[in-house]
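Trainee: One structure follows; several queries about it will come next.
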Amino acid sequence: MYVIKSTDKMKAIMGEYFRSLESGSKKVAWCTSVGPAELLRSFGFEVYFPENHGALLGATRTAMDVIPEAIKSGYSGHVCSYTTADIGSYLRGDTPLKKHYGMKGHPKPDLIAYNTNQCREVQDWFYFFANEFNCPIVGITPPRYIEEVTQNEVNLVVDQFKAMIPVCEMVSGQKFSEDNFKETVRLSKEATLLWQKVLKTSTAMNAPISFFDGTIHMGPIVVLRGTQIAKDYYTELLAELEDNVKNNRGFLPQARTRIFWEGMPIWGKLRMLSDLFASNGAAVVASTYCSSWVFDKFDENDPWNSTARAYTEIFINRGEKAKMKMLSEWFNEYHIDGIIYHDSKTCFNNSNAKFGMPQRLKSLTGVPALVIEGDLCDLRFFSEGQSITKIETFIEQLEENKVEQ
Ligand code: SF4
């Protein structure tokens, strides 16, 4: 059986990271998953990411138990289920962080920071906790859905980043240090470029890491970017995967088709979906989701402009033309036969199947598309039987297309 050996190391790193949040040795800043983590770390904060907790609630299928608590307190069951699961988990005083990492509960924030580059939902979500903990909160609100990011947008975001400094200084008790900031940006850049190389190992025809593996191994690039720990982890993982490519070891050597996954993972069904694709000879080799933590514009010699640009030009914050260009390039690079769009019920922002893009992208690239409905955490919106039928039929059609070609 194919296994990625570095998985044990990754689990140990994530365990240490979570326990460090409660150790009391550092102040804790909460941050959105593509928020200004480098700036926060430069002040010595340990950084906690509530979306990562949302994913954990989804993956452990405990989200369904706690979402009703958030609904009872006034949150719609149709808004982001990371938000409702995380708030519900807090209200109920129950979190998988206790069972899986021995923590007492949600780590307490000293500062909360968000960036609406991904969605406005994070603002509402984080304000709930700022009120709850009576905690200072800072926000970045960049222009949204941009085709080409110009210096005007970058300047605006740089100003907003810099406006965070007095609050960070007050809460951390540390003066801003440009050298510290440059150093965290350097470490973050090195880790993110390694992560990019990790993902690109699956351009090999016998791909060594699937989208489903990627959703697990992305943990350190989300929560520990800007640290030596993340850089060391991806150095090790990359070496293992490159060795596997060299020795023709992959997760599905008998793959007959190669699939691109677009949109959010369905966290509570990762294993089921991974097995479904494998049993149908389809390798899911790439995704927009895992690529969302590739910030290849980071430059420690120009830390303000480069981080503002990298965080503003992420896939989710782009206009349709820019998204289609990025997807077309990924299709070529990963030799994609078909794309599956996960049209997530509670994440409008990271669902690209609502305004006709699948049809337009198919006309442009010739790559067939399938849309499945589901959700990141709330499995009420996912019909397993119907999705299996749709996916199996789609894979059959892709195989027939290949035979005819
Ligand atoms: S991008 Fe989607 S899943 Fe992520 S926080 Fe925003 S609404 Fe929730």
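Where a number appears in this text, it was derived from the coordinates with a stated rule and is not lab data. Nothing here was measured: the structure is a model prediction, and the numbers come from that model. Note that we place each Cβ from the backbone using ideal geometry, even for glycine, and neighbour counts take in every protein chain shown.
Trainee: Add -39500 (n - 2.57) for each DSSP H run of 4 or more in the chain, then divide by its residues: what number comes out at 222 nm, to the nearest 500 deg cm²/dmol?
Mentor: Working: 19 runs with 215 residues, N = 405.
One gets -16000 deg cm²/dmol as the mean residue ellipticity at 222 nm.
Trainee: If you don't mind, another one. Once you have all Cα-Cα distances for the chain, histogram them in 20 Å bins from zero and send the whole-percent values.
Mentor: Spelled out bin by bin, the chain gives 27, 61, 12, 0 percent.
Trainee: Also, I was wondering about something else. Among L364, Y289, I336, whose Cα projects farthest towards the positive end of the dipole of the chain, with charges put on the beta-carbon of Lys, Arg (+1) and Asp, Glu (-1)?
Mentor: Y289
Trainee: Towards the positive end of the charge dipole of the range 107-155, with charges on Cβ (+1 Lys, Arg; -1 Asp, Glu), say which of N115, G139, Y127 has the farthest Cα.
Mentor: Toward the positive end, the furthest listed residue is Y127.
Trainee: While we're on this one: In degrees, nearest 10, range 0 to 90: what is the angle between the Cα axis of helix 270-279 and the longest Cα principal axis of the chain?
Mentor: That works out to roughly 20 degrees.
Trainee: Evaluate the charge dipole of the range 193-300 about its Cα centre and quote only its size in Debye, nearest 20, assuming +1 on the Cβ of each Lys and Arg and -1 on the Cβ of each Asp and Glu.
Mentor: Details: 11 positive and 11 negative charges, 70 e Å.
The dipole of the range 193-300 has a size of about 340 debye.
Trainee: A further question follows. Helix 178-200 versus the longest principal axis of the chain: what angle, 0 to 90°, nearest 10, using Cα atoms?
Mentor: Taking the Cα atoms of the chain, the angle to 178-200 is about 10 degrees.
Trainee: Take the residue pairs K104/K345; K5/K231; K200/K402; K345/K390; K9/K197; K11/K99 and return only those whose Cα atoms are more than 21 Å apart.
Mentor: Values: K104/K345 32 Å; K5/K231 17 Å; K200/K402 23 Å; K345/K390 18 Å; K9/K197 19 Å; K11/K99 14 Å.
Beyond 21 Å: K104/K345; K200/K402.
Trainee: Does anything in the range 279-297 have its amide N under 16 Å from the 7 Å Cα→Cβ label point of Y2, and if so which residues?
Mentor: 279-287
Trainee: Would you look at the GNM of the chain, springs on alpha carbons closer than 10 Å, and say which of G77, G93, G58 moves the most?
Mentor: Maximum among the listed residues: G93.
Trainee: Moving on to the next point. Give me the number: length gained by fully extending E147 to S20, i.e. 0.36 nm times residue separation minus the C-alpha to C-alpha distance, one decimal in nm.
Mentor: Values: separation 127, 0.36 × 127 = 45.72 nm, distance 3.94 nm.
Here the segment from E147 to S20 would lengthen by 41.8 nm.
Trainee: What is the range 263-379 by shape, rounded, prolate or oblate, if you read a ≥ b ≥ c off the alpha carbon gyration tensor as root eigenvalues and call it rounded for a/c under 1.5, prolate for a/b larger than b/c, and oblate otherwise? Intermediate values should be presented prior to the final figure.
Mentor: Values: a/c = 1.70, a/b = 1.49, b/c = 1.14.
Prolate.
Trainee: For Q254 paired with K9, estimate the spin-label separation in nm (one decimal), with each label point 7 Å from Cα along the Cα-to-Cβ line.
Mentor: 3.1
Trainee: So how much slack lies between S383 and K99, counting 0.36 nm per residue of separation and subtracting their Cα-Cα distance, in nm? Write down the numbers at each step before the final one.
Mentor: Working: separation 284, 0.36 × 284 = 102.24 nm, distance 2.87 nm.
Going from the current span to full extension adds 99.4 nm.
Trainee: Hey, another quick one. Let me have the relative contact order for the range 52-93, percent, based on Cα pairs under 8 Å that are six or more residues apart. Display every interim value, and only then the final one.
Mentor: Working: 47 pairs, mean separation 20.0, N = 42.
This gives 48 percent for the range 52-93.
Trainee: Something else about it: With +1 on the Cβ of every Lys and Arg and -1 on the Cβ of every Asp and Glu, and nothing else charged, how large is the dipole of the chain about its Cα centre, in debye rounded to the nearest 20?
Mentor: Working: 44 positive and 50 negative charges, 77 e Å.
It works out to roughly 380 debye.
Trainee: Which FRET efficiency, nearest 0.05, do T365 and Q228 yield, Cβ-Cβ r, R0 45 Å?
Mentor: The computed FRET efficiency comes out at 0.65.
Trainee: Still on this structure: Which residue, W30, W267, W330, has the most motion in a Gaussian network model of the chain that connects Cα atoms within less than 10 Å?
Mentor: W330
Trainee: Treating cross-link reach as a plain straight distance, find the lysines whose alpha-carbon is under 17 Å from the alpha-carbon of K108, omitting any fewer than eight places away in the same chain.
Mentor: K26, K27, K98
Trainee: While we're looking at this one, here's another question. So what is the relative contact order for the chain, in percent, with contacts set as C-alpha pairs under 8 Å and at least six apart? Walk me through the numbers on the way to the answer.
Mentor: On the way: 723 pairs, mean separation 76.6, N = 405.
Averaging sequence separation for qualifying contacts and normalising by length gives 19 percent for the chain.
Trainee: Using only the alpha-carbon atoms, how far is helix 63-72 inclined from the longest principal axis of the chain? Give it as 0 to 90 degrees, nearest 10.
Mentor: 50
Trainee: In nanometres, what is the gap between the two model label sites at E236 and N401, each 7 Å from Cα along Cα-to-Cβ?
Mentor: A separation of 4.0 nm, rounded to one decimal place.
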